[in-house]
Structure formats: C-alpha cells, structure tokens
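*Asks:* The structure that follows is given in the form of structure tokens.
None of the figures in this text is laboratory data; all of them are computed from the coordinates on show. Quantities reported herein were computed from a predicted structural model and do not represent experimental measurements. We place every Cβ from the backbone using ideal geometry, glycine too, and count neighbours over all the protein chains shown.
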Amino acid sequence: MQAGRRLAYGALVVLALSALLPPHLNGNWVHVLTLFFMMSSLAQAWNLIGGFAGYASFGNVTFFGVGAYACAYAMNALHWPFATAFLLAVVAGAALAAVLGWPILRLRGHYFAIATLGIAIGMQALVAELPPLGKGSGMTLPINSNFHFFYWSMLGILMASIALTAFIAQSRFGYALVAIRENEEAAAVLGINAARAKVFAWSLSAAITGAAGATYAYWTSFIDPPTVFDLNFNVLMIIMTLLGGAGSIVGPTLGAFILSAIGEYLGAQSVSPWHTVVLGAIIVLVVVLLPRGLMPYLTGNLRAFNLNALRAQLRASRV
Amino acid sequence: MSAMAAPDLGTSTAIAARDVVVRFGGLLAVNGVTLSVAPGEILGLIGPNGAGKTTLLSVMSGTQRPTSGIVWIGDTDITRVPTYRIVRLGVARTFQVVKPFANLTVRENVAVGALYGRHGNDRSSRAAFAAADMVLERVGLAPEAKRQASELTLAGRKRLEIAKALATDPRVLLLDEVMAGLTPHETDRAMDLLRDVNASGVTLVVVEHVMRAIMGISQRVAVLHQGRLIAQGLPQAVVADPLVIEAYLGKRYAGGSHGHA
C-alpha cells in the first residue's frame, strides 16, 4: 500500500505538470490526451466499486449517460451555466447509484453483473423514449470550441479521482471495502455495515463517472443515447482497471495509458481493424497471466517479477 | 425490542436464546433451543455432526436469522438486529471454515476488527492499528504481522480468526471449532489462549469436537443432538450421561460402562 501511494503521488505530479502542455500541442494531441484523461477517470471510478469492493459493475456507463444528459438538459433547456450543470450531473449520478445500489448491491457475483448490465441497457432505452431529452434523436449543447478547457476539466476530474482513491485506500472506509471484497460475511462479523459501504462506494464511483459524462457532453456538444450509454465504455473501464491492477490506487490510469497508447499506435498505422483484435488478445492475456494486473509488479507487492513465476502460472493454467 | 424478559436463570446473562428454531426448507437445524450463558463463563457446545451447533452460533452472532425464537445480549433483544450492530454490542464470532482477508496482511486483517468493532466509531486509525498490534502480540501472531494472510499455516489461520474477533473487543466470543485440525501442541497453545482471553473477562461459547479441549476448558457443557438441547451441566457429568453417549455412539453403547464420548 505504501509503494502504491508513492506511485499515486508521482502520477499526480506528472499529471499536474501535463496541465502546462496544451499551448505546445496540436489539436489532435489535445484531443487524444483529453480522451485519455476521460477514460482514466472512468476506470478510476470503476475501480472503487469493482476493484476495491469487488462488485463488477457492467452498468457504470449508465452514470456516464445520465451525467451527460443531466448536463445537456440543464444547459439546453434550463440555460444553466456549465459549472452548475456539471454539479447537477455529479449529484444525479451519485443519487441514482444510491437508489439503484440499495437493492442491487445485495446481489453477488454474476447476479450483480447481470443486473447492472440490465440497468445500462434499460436506461438507454428509457432515455430514448423521453421527449424532454430529445427521445432517440439526441440533444445539442452550447458550443465551446476552447478545447483546452476540456483538456483541463478532464485532467481535473482524473486528478481528483486519483487523490480520492489514494485517500480511501488508507482510510477506515477503504479497509471496509477491501474486507467486503475478500469476504463479505467475515467483514460483517467484524462490525462492518456492508450494505452502506457498498452503496457509498458505488455513489462515489457514479459521481466521478457522471462528472466525466457531463464534461464529455459539453465537449462534443451533441449527445444521443447510443453514444453516451455505449457499453464499450463500460468494457473499456473494466479492461483498463484489470490491466493496471484492480484495487490499486493508480492501476486504472496505467491501464488506460497502455490501452490508449496501443490504440493510437495502431490507429496511426491505419490497421484499425486490428485494434479490436489486439484489445481482445489483451483481455485474454491479462486474465490468464496477470490476474492482479501490472501494478503489483511496480509496487514490489508481488514476490518477484521473474520468468519462473510466469512459467509457473502458465503451467498452473495449462496454457 | 421485545417486551419479553430474558430467561431468568438466577444470575444475569451475557447471551441467551429462548425457543430458537431454525428451519432450512424441510430440515430443522435447530429445534427449540433455550440456552443461557452467564457473564465470564466458558460454555462448551458439543454434539455430533449436523447437530445444529454452528447454526445456533450463527443465530447468536446474527449471521443467521432464526425462524422463530428470541436472542438476547444482556437484556437487549438482538433477534432482528443486523450482524454489524451485534458486533458493536459486543458479540464476536469465528468461522469453522476460516475466512481470512487473503490479500491483506495479517496485521491489516486484525486491524479491520479494531477499526470497526465495538470501539471502532470512537478511535483513530492509528489507535486501531495499535490495538491490532496488541492483539497480535497476545495471540502470538506478531512475527507474522507483515505476511499475507493467505501465506499462514492452518494453525496460523485459526489463530488469525481468533485475533480478528478479539480485535473487535467482544464481551462474548463465539468460537466455532478453532482447534479442529491442530496438532496436540497447537491445541494446548490454543487452550492457553482461550483461558487467557476468558480471564480478561470475555464470556466464551466454544463449539468443538476435540473432547480433550472441551473437557479442559469448559466450566459447563451443553449437548445438541438433531437440533435439540439434550443435556447440559458439568463436563464430567454430561459426558457420562447415557443420552449423550447414545447421541454420539448409538443405543448399543449407551448402557455400557466405558462411555467416553
């Protein structure tokens, strides 16, 4: 945990310095990095419920979509400024997670995963039926072409989510989440109110996700249900977190960085069909070879990163 | 809170159950058990496999809701109280199949108990970790403090199970077969530990198959058979009881003179 926290502080310093970059970057790089900050934030958010508490949510994209629509509605119909619309999105995400989490977080394992998937699909369908939200044809937002603003906004969300995770990891609440992940019944007999801790964790996760959704909506200035409730976002959150290290502090950001870099590289080689193939291969390799992700190798939390350990894992998994 | 009073057995009670029934579908795991444990007592709870010992322990710790019946801690009805709050009222339990937090260190495992147990709400993390260190020292796990819980031996994991429960500062500790699978030497150490814990004022309910341990530390023994309480009393008297011998060995042995269950 100590090493993980040092790494998190290092990441925060690097990210803070990257705030100085935009004037020196061309538009494409600003775009790429903004997207990277956004995906990292989504993965950091997913990590709170999926990595720390061990509840694999396939419905976190719901809060992205709800955040995006809350922001769009507030700015388009209510003519709120972005700052207030952004706050509404954060609150809407957190509140929705609390309301949904109370019944859903009683389910475990596959049942929770399936229920959250159902919520994501159902919410997309519901939004597509609501006239004030433009039904299926989407909503426009005021155009802001200051793309540096979105760079800094997403960067701010990411830094806040990393700082929050670092704080939680060493807190009483963080230990409750990890205890719940490791064994929920054992956690309860030590005095942990598991239901409350899980709901709170999911609400924090949803607040960050909603914040990213709101910023995304303002950034693209047009949203529709298939875009902001896209399950691919949810799959990416999970892969990035697993690759970097579920339950670690900055693992999700590391995973997001690696996947984004691979994506950019393959995109630049104009072999984009391969992008998805490589992604699929990475998922399989991560699950087989790195069940705890890359982070333990960086923090020295694992005995040793050596070929023998890898070979032993390969033998054990009969590849 | 129920209007009914706890069963009055002449003394005050640490924890008590009245007419507890637990039904799993067609199976009556616990069938109308009334049992009271006095403050500071060590009660041994024995019985053949499937007698309902663990289920009764689960009812007392709140991890299993009874189908009917009432459970008290002191004079507080806890029948419908959630587990985490029962812990804060001073009841802790261990699990027969140990449940360590495998990816945490031994020290962190115990610290979780101190962070959230009876005094969890009114002490700092630093104080909780200090309390955890004292518990580790007490149960002899201090040398293993920094290891992952998953690396411990079975005896170590049983000890960790006790340490986690102790870290919650219980008034009543419910122990489910903490000595099963231990060597005789390890069993002796575990018995010493339990005596020491009891001497510090903690009431113990000990479910155990190791008769040497039960006879060695229990002040009173209660026997469950097919979900019913069939005997209770002084250890020597209970194991000589024909009903108890019959429950363990069958009718054929019940009349015999060499009935060491």
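*Asks:* What FRET efficiency, computed as 1/(1 + (r/R0)^6) with R0 = 25 Å and r the Cβ-Cβ distance, is obtained for A:Ala3 and A:Phe147, rounded to the nearest 0.05? If you can, show how the numbers build up before the last one.
*Replies:* Values: r = 36 Å, r/R0 = 1.43.
The calculated FRET efficiency here is 0.10.
*Asks:* Continuing with this model, one more query. Under 29 Å between alpha carbons: how many lysine pairs meet that in chain B, if sequence neighbours fewer than 8 apart on the same chain are excluded?
*Replies:* Here the count comes out as 9.
*Asks:* Longest segment of chain B with no trypsin sites (Lys or Arg not before Pro) in a DSSP loop having at most 13 other Cβ atoms within 10 Å?
*Replies:* Numbers: sites that count: B:Arg80, B:Lys146.
Between exposed loop sites, the widest span is B:147-261.
*Asks:* Right, next: Can you figure out the FRET efficiency of A:Val14 with A:Phe167, using R₀ = 22 Å and their beta-carbon distance, to the nearest 0.05? Don't skip to the answer; put the middle values down first.
*Replies:* On the way: r = 19 Å, r/R0 = 0.85.
According to the calculation, E is roughly 0.70.
*Asks:* Then there's this: May I ask what percent, to the nearest 5, of DSSP beta bridges between residues of the protein assembly as shown are antiparallel? Can you show the working numbers first?
*Replies:* Working: 23 of 39 bridges.
Taking every DSSP beta bridge with both residues in the protein assembly as shown, the antiparallel ones total about 60 percent.
*Asks:* Report ³J(HN,Hα) in whole Hz for each residue of region B:149-163, in order, from the Karplus equation J = 6.51 cos²θ - 1.76 cosθ + 1.60 where θ = phi - 60°; Gly and Pro get x.
*Replies:* The phi angles translate into 4, 5, 8, 6, 6, 4, 4, x, 5, 5, 5, 5, 4, 5, 4 Hz.
*Asks:* From the P(r) of region B:128-230, can you give the percent of Cα pairs sitting at distances over 23 Å?
*Replies:* 28 percent
*Asks:* Given q = 0.17, 0.19 Å⁻¹, what are the Debye log10 I(q)/I(0) values for region B:40-86, with equal point scatterers placed on the Cα positions and solvent ignored?
*Replies:* Cα-only, vacuum Debye calculation for region B:40-86: -0.55, -0.67.
*Asks:* Working from the pairwise distances between different alpha carbons, so that the mean of 1/r is found and then inverted, what is region A:2-234's Kirkwood radius in Å? Can you show the working numbers first?
*Replies:* Working: mean 1/r = 0.0553 Å⁻¹.
Here the Kirkwood hydrodynamic radius works out to 18.1 Å.
*Asks:* For n ≥ 4 DSSP H runs only, could you compute -39500 (n - 2.57) per run for the protein assembly as shown, divide by its residues and tell me the 222 nm figure to the nearest 500? Walk me through the numbers before you get to the answer.
*Replies:* On the way: 25 runs with 326 residues, N = 580.
Calculated mean residue ellipticity at 222 nm is -18000 deg cm²/dmol.
*Asks:* Calculated FRET efficiency, A:Tyr265 and A:Thr220, Cβ-Cβ r, R0 25 Å, to nearest 0.05? Write down the numbers at each step before the final one.
*Replies:* Working: r = 24 Å, r/R0 = 0.96.
The pair A:Tyr265/A:Thr220 has a calculated efficiency of 0.55.
*Asks:* Still on this structure, please answer the following. Roughly speaking, what is the stretch gain from A:Leu289 to A:Glu129, that is 0.36 nm per residue apart minus the C-alpha to C-alpha distance, in nm to one decimal?
*Replies:* Stretched fully, the A:Leu289-A:Glu129 segment lengthens by 53.2 nm.
*Asks:* To the nearest 20 debye, what is the magnitude of the charge dipole of chain A about its Cα centre, counting +1 on the Cβ of each Lys and Arg and -1 on the Cβ of each Asp and Glu? Walk me through the numbers before you get to the answer.
*Replies:* Working: 14 positive and 7 negative charges, 189 e Å.
Dipole of chain A, to the nearest 20 debye: 900 debye.
*Asks:* Tell me, in nm to one decimal, what length is gained between A:Leu25 and A:Ala98 on full extension, where the rule is 0.36 nm per residue of separation less the Cα-Cα distance?
*Replies:* Details: separation 73, 0.36 × 73 = 26.28 nm, distance 4.02 nm.
Extra length available between A:Leu25 and A:Ala98 comes to 22.3 nm.
*Asks:* For the pair B:Ala199 and B:Ala237, how long in nm is the line joining their label points, each one 7 Å along Cα→Cβ?
*Replies:* 2.7 nm
*Asks:* Same structure again: Once the convex hull of the alpha carbons of the protein assembly as shown is built, what does its volume come to per residue, in cubic angstrom?
*Replies:* Dividing the Cα hull volume of the protein assembly as shown by its residue count gives 190 Å³.
*Asks:* Put a dot 7 Å past each Cα toward the Cβ at B:Leu27 and B:Thr183; how far apart are the dots in nm?
*Replies:* Taking the two extended label points, one gets 3.5 nm.
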